[in-house]
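Everything below concerns the one structure shown next.
Rule-based calculations on the coordinates, nothing more; no lab input. Since we're looking at a predicted model, the values are computed, not measured. All Cβ positions, even for glycine, are placed from backbone atoms using ideal geometry, and neighbour counts span all protein chains on display.
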Amino acid sequence: MSEDGIRCLWMRGGTSKGAYFLAKDLPADPAARDDLLLRIMGSPDPRQIDGIGGADPLTSKVAVLSPSSRADADVDYLFLQVFVDQALVSGAQGCGNILAAVGPAAIERGLVPVAGEETQVRIHMVNSGEVATAKIATPGGRVSYRGPTGIAGVPGTHAAVPLLFFGIAGSMCGALLPTGNSVDVIDGAAATLIDNGMPCVILSATDFGLSGMETREELEADAALKARIEAIRLKAGPMMNLGDVKDTSVPKMTLVSPPRAGGVLSTRTFIPHRVHASVGVFAAITVATASRLAAGPAAAVAVQPEDGRFRIEHPTGEMEVFLDIAEDGTIRGAGNIRTARKLFDGLVFPR
Ligand code: NQM
C-alpha cells in the first residue's frame, strides 16, 4: 500500500482509455514498474475492482512518456498493455489508439511546447522504434479537445488528431511478411501472417463456420472457437519472429469477411483473448495492407478503394485508414484520424 500518490493523466485515446505517466514518476526498473502498474490497474482481477482499470483490455492500457531520446522526435512513448485477469504487463505491441492522446498528454505535461494554433508532435514509439507524427489543436496556447470530428465507437464529436506513419512495416516482426509468404496454412486454416504496424494473423471467418457479422459477445461466448484461434496464435508467434507468445498480447487474430457497408472488408479481431469492440489503428492499417496482397483471406474478400482511403468495417462501425501506395505497389506510409480527451488529471494510489 503506497501512501504517496503517483502523478497520472487518465485519457481516452481513440477507442481506448489509459493511464499516462511521465517515466520519471515510475520506477526505472521494468519489473518494479510493471508490478506497480498491475497494482494501479487492479490486476489480476476480471473486475479490476481495486484499481483504475476498466475490466477490459481496451481500458487497461498505459503510456509512459519521456523527453525524446532521438533528434527526429519530440517525445518518447512506451506503450504497456496491462492484462486484466493475469499478472502480466506486455510491451510486445504498440497501440495507435493510445497514441492519439500522447501528443495532448505531452503538451499538458510540458514535454512539448505549444507552437501556434496547431502543434505538430513527433512521437518516438519506443515499442517499435518508429516515429509517428500527430497534429494537435492548440488554440490560445493550450490543448483543445473540442471539435467536430466523430469516430466510430466513441459518442459525440471532438477535435481531430491526425496521425501519420512512415516505414512501419515489420514493426515487431522485422518484415511485413515474416514468413516470406502471403499465405501460410496453420491447423488447416489459410492465414496471412503480416505486420504493417501491428503483428496480425488474418483468417477467413468462413473457415471457422462464421459469417463475420457475429457480435463481440457472441464470439467471446464461443469457447471452442476461442481455443481453436488461440492454438493457431501460439503456432503463428514463433513463425512471426515473436517467439513464445503465450504471455503476450500479439499477434492479434483478425477474422475477415466481405464488406457489408461499402468498405474494403469486415473484421472481427481477437486482441488476442477478448474481441475488440472496434479495431486497432495499426491493426486496421495492417489488414488494409493484407487486402492488397496477391492472395490470402483478406485479398479474397476485399473490395479495393480507388482513392487510397480504406474503410475497415468492425463491430461498431468502420475505421478509415489512408495508405500512401507507391507506383510499384509498396506502401510508403499510412494515416488515420483519431480523437482524444483528457478525462482526469491527478494522483493515483496503488494498492
Ligand atoms: O492496433 C488494441 C486498440 C488496440 C490496438 C489492441 C491499437 C492498434 O486500442 O493500433 O490501437 O489491439 O490490443 O485499439
Helical segments meeting 18 Å axial Cα length and Kyte-Doolittle 0.0 threshold in the chain (DSSP H): 223-239
For the chain, the longest site-free run once GluC sites (Glu not before Pro) in DSSP loop states with at most 15 other Cβ atoms within 10 Å are removed: 118-305
Computed over the chain: relative contact order in percent, which uses C-alpha pairs under 8 Å that are six or more apart: 19
Under 19 Å from the Cα of residue 17 - lysines, other chains or at least 8 residues apart: 61, 252, 342
Karplus 3J(HN,Hα) series, Hz, for the stretch 187-200 with 6.51 cos²θ - 1.76 cosθ + 1.60 (x for Gly, Pro): 6, x, 9, 6, 9, 9, 9, 8, 9, 10, x, 8, x, 9
Residue 118 long-range amide H proximity, modeled H, under 5 Å: 138
Positive-end residue of 284, 36, 301, charge dipole of the chain with Cβ unit charges: 36
The chain - Rg (one decimal) and Dmax (whole number), Cα, Å: 19.2, 59
Residue order, fewest to most surrounding Cβ atoms within 10 angstrom, among 285, 325, 107, 49: 49, 325, 107, 285
Gyration tensor (alpha-carbon) shape descriptor, the stretch 216-267, a/c threshold 1.5: oblate
In the stretch 234-272, trypsin sites (Lys or Arg not before Pro) in a DSSP loop with at most 11 other beta-carbon atoms within 10 Å: 246
Set of aspartates and glutamates near residue 235 by C-alpha distance (under 12 Å), chain-local residues within fewer than 8 positions excluded: 184, 187, 244
Value at 222 nm in deg cm²/dmol, rounded to 500, when DSSP H runs of n ≥ 4 in the chain each add -39,500 (n - 2.57): -4500 deg cm²/dmol
Peptide ranges 62-73, 179-190 listed from the most packed, as the mean C-beta count within 10 angstrom indicates: 62-73, 179-190
Cα gyration tensor category, rounded, prolate or oblate, for the stretch 162-299 with a/c compared to 1.5: rounded
